[in-house]
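A short worksheet on the structure shown next.
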Amino acid sequence: MKETQKAAAKQPESLIRIENLSKHYIVMKTGPTRKIVIDAVKKISFELFANESLGLIGESGSGKTTTANMIMKMIQPSEGRIHLFGKDITDIDESRMRPLRKDIQIIFQHARSAMDPHMTIGELLREPLNIHHIVPEKKIDEEVNRLLSLVGLTPAEKHKFPSQLSGGQNQRILIARAIATRPRVIVCDEPVSALDVSVQGQILNLLKKLKQELNLTYLFISTI
């Protein structure tokens, strides 16, 4: 009976737990002991659980993307702790972070700037598959076709370059790259703000569909 009660009382473990996270930048020193500090992020805390969609919403310049970059270990926080999949990753180096990157991916705001313009769509999708050894080499082309189908594109698109696709199509490619590693969490950094209003709804519906089909967890970043 006691074991049953303990099991019932046990809370699910969060995929991301942020504790008093801050990022400061020194913008000017006015003397040997005085300096001007800008708080890009100040003591933010939250938790994200499996299959949730959590919105991080604020004005432009409020530190939303900086928070995402700290979670992704693109920049180091000044204070606070970052827990990812039950591990404290605040101070780990890139060699220990690299195996975790497969399970947390990001969709950037501007697709064109996030992709190498000299690579074909097929090469862009093969890249994460090769880096993280998602499927055997002989099945990579098949997996690329599957990813394109999941985001509503045809296999014929893999021979094109990003410049030959529309903004909405390029955003679909970014989404395909994000899901290629079969992640547990995807950070969506204003994924539709650079698109026409007519396309925004299509991309949001796609993200909703993929969340259900692939059991994804989303951290959405959006401007007020």
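The values are calculated or read from the model by the stated rules, or taken from the named source; none is laboratory data. What you see is a predicted model; the values in this text were computed from it and never measured. Backbone-built Cβ (ideal geometry, glycine too); neighbour counts: all protein chains shown.
Some observations on this one:
- Residue match in segment 16-30 (condition: at positive phi and modelled with pLDDT of 95 or more): yes
- Which numbered condition S222 misses (of (1) among the hydroxyl-bearing types (S, T, Y); (2) under 23 Å from G61 (Cβ atoms); (3) assigned to a helix (DSSP H, G or I)): (3)
- Among the helices (runs of 4 or more DSSP H) confined to segment 44-123, the ones with at least 1 residues that are within 21 Å of L206 (Cα to Cα) are located at 111-114.
- K139 surrounded by 15 or more Cβ atoms within 10 Å (Cβ to Cβ) and assigned to a helix (DSSP H, G or I): no
- I134 being in a loop (DSSP other than H, G, I, E, B) and in the same structural domain as S166 (by TED's automatic domain parsing): yes
- Residue list for segment 185-216, filter: surrounded by fewer than 20 Cβ atoms within 10 Å (Cβ to Cβ) and within 11 Å of the chain's Cα centre (by Cα): E190
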